[in-house]
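K.L.:
Handing you this structure, nothing more for now.
No value in this document is a laboratory result; all are computed from the given coordinates. Remember, it's a predicted structure, so these values are computed and weren't measured experimentally. Here the Cβ is made from the backbone with ideal geometry for all residues, glycine too, and neighbour counts use every protein chain on show.
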Amino acid sequence: MLAGGCRNNNNNARRISVARAGDVTLYLDQITDIIMPGTPPADSAAIIQNYINKWAKRELLFQKAEENLSPELRSEIENQLEESRINLVIYQYQRQMMLEKMDTMVTDNEMGNYYSANQESFVLSSNILKALFIKLPAETPNVDKVRILSRSNEQADLQQLETICYQFADKFDDFNEKWIPLNRISVELPNEIVNEENFLRRTSFYETSDSTFIYIISIRDYKLRSSVAPFEYVRDDIKRIIWNNRRFDFIQSLENGIYNDAIKENNFKLF
């Protein structure tokens, strides 16, 4: 970002001037941070000169534009600046009040109640599942052991599987406790899953391969698109919705409170 430069005033009397464009001066302390430590002197000089040239072109263009803009455009710019200033001040005040006074804690009970009352809003748009996904090099030894362990629900077997996969697997993703879209896994496969719904209904263990890798999917659970999403899958969305609703209500209450106080205190009148 180019420094804006300073219009001449008494406070700048002791500063070291580097360049001037019209009535604006660029000072040395405004450009010292653009040189990284250890930069060779010749490179530093080139960087500084390039910076000054860019600064001058921008500043001179700005001054020329100010001189030649029509009064109508000047007025429009001032209005836009004032509107932006007002919006920024209001935003920062609302943010400050929210940090100080708004309850930001969203409990599991609140999320559960919202989910129960609004399930029609959480219909799945894609097929999801809980599963293990393993991608093994084709030359991996004792693949049968991996096949057996990946079908198991015993914690000891899964720990043993994890140890083997960390040693040999190109990829080992354990989504046994987390819902994910099926395409997060299917994109890894060498062949497309043509009918995802039939695949999920009929498959609990799937294996395929190409010349390089063996791909294994062990499916623990699934939900089909157009069904209601599990609470765990939309939990973060629900939390965000509740928080946004609470934020909206808080801001509305803040605005109404200020408005009503102004009426009571005779700070707002209609003529």
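K.L.:
What's the longest uninterrupted piece of the chain once you rule out the trypsin sites (Lys or Arg not before Pro) that are loop residues per DSSP with at most 12 other Cβ within 10 Å? Mind showing how you got there, number by number?
P.N.:
Values: sites that count: Arg14, Lys269.
Here the longest run is 15-268.
K.L.:
Related question: Tell me, what are the semi-axes, in whole angstrom and largest first, of the equivalent ellipsoid of the stretch 79-218 as set by the roots of 5 times the Cα gyration tensor eigenvalues? Present the calculation step by step, with values, prior to reporting the outcome.
P.N.:
Details: eigenvalues 425, 76, 67 Å².
Ellipsoid semi-axes (Å, largest first): 46, 20, 18.
K.L.:
Enumerate the amide H contacts of Leu182 below 5 Å, restricted to partners 5 or more residues apart or on another chain; note that Pro and chain-start residues carry no placed amide H.
P.N.:
HN-HN under 5 Å from Leu182: Asn127, Ile128, Leu129.
K.L.:
Per the helix-only calculation at 222 nm, which mean residue ellipticity applies to the chain, given -39500 (n - 2.57) for every DSSP H run of n ≥ 4 and division by its residues, nearest 500 deg cm²/dmol?
P.N.:
Details: 8 runs with 137 residues, N = 271.
After summing the helix terms and dividing by the residues of the chain, the value is -17000 deg cm²/dmol.
K.L.:
Using Cα pairs closer than 8 Å and at least 6 residues apart in sequence, work out the relative contact order for the chain, in percent. Walk me through the intermediate numbers first.
P.N.:
Details: 253 pairs, mean separation 52.5, N = 271.
In percent, rounded to a whole number, it is 19.
K.L.:
Let a ≥ b ≥ c be the square roots of the eigenvalues of the Cα gyration tensor of the stretch 6-68; is it rounded (a/c under 1.5), or, if not, prolate (a/b larger than b/c) or oblate?
P.N.:
Details: a/c = 3.36, a/b = 1.50, b/c = 2.24.
Oblate, since a/c reaches 1.5 and b/c is not below a/b.
K.L.:
Same structure, new question: Using alpha carbons only, what's the Rg to Rh ratio of the chain with Rh from Kirkwood? Don't jump to the answer; show the numbers that get you there.
P.N.:
Numbers: Rg = 32.0 Å, Rh = 26.5 Å.
Taking Rh as the inverse mean 1/r over Cα pairs, Rg/Rh reads 1.20.
K.L.:
At Ala117 and Asp236, where each label point lies 7 Å from the Cα along Cα→Cβ, what is the point-to-point distance in nanometres?
P.N.:
About 2.5 nm, to one decimal.
K.L.:
For Ala19, what residues show an amide H to amide H distance below 5 Å, using hydrogens built from the backbone and excluding near sequence neighbours?
P.N.:
Sorted by chain and number, the residues that satisfy this are Leu26.
K.L.:
Most fluctuating residue of Thr25, Thr208, Thr39 in a GNM of the chain with Cα springs under 10 Å: which is it?
P.N.:
Thr39
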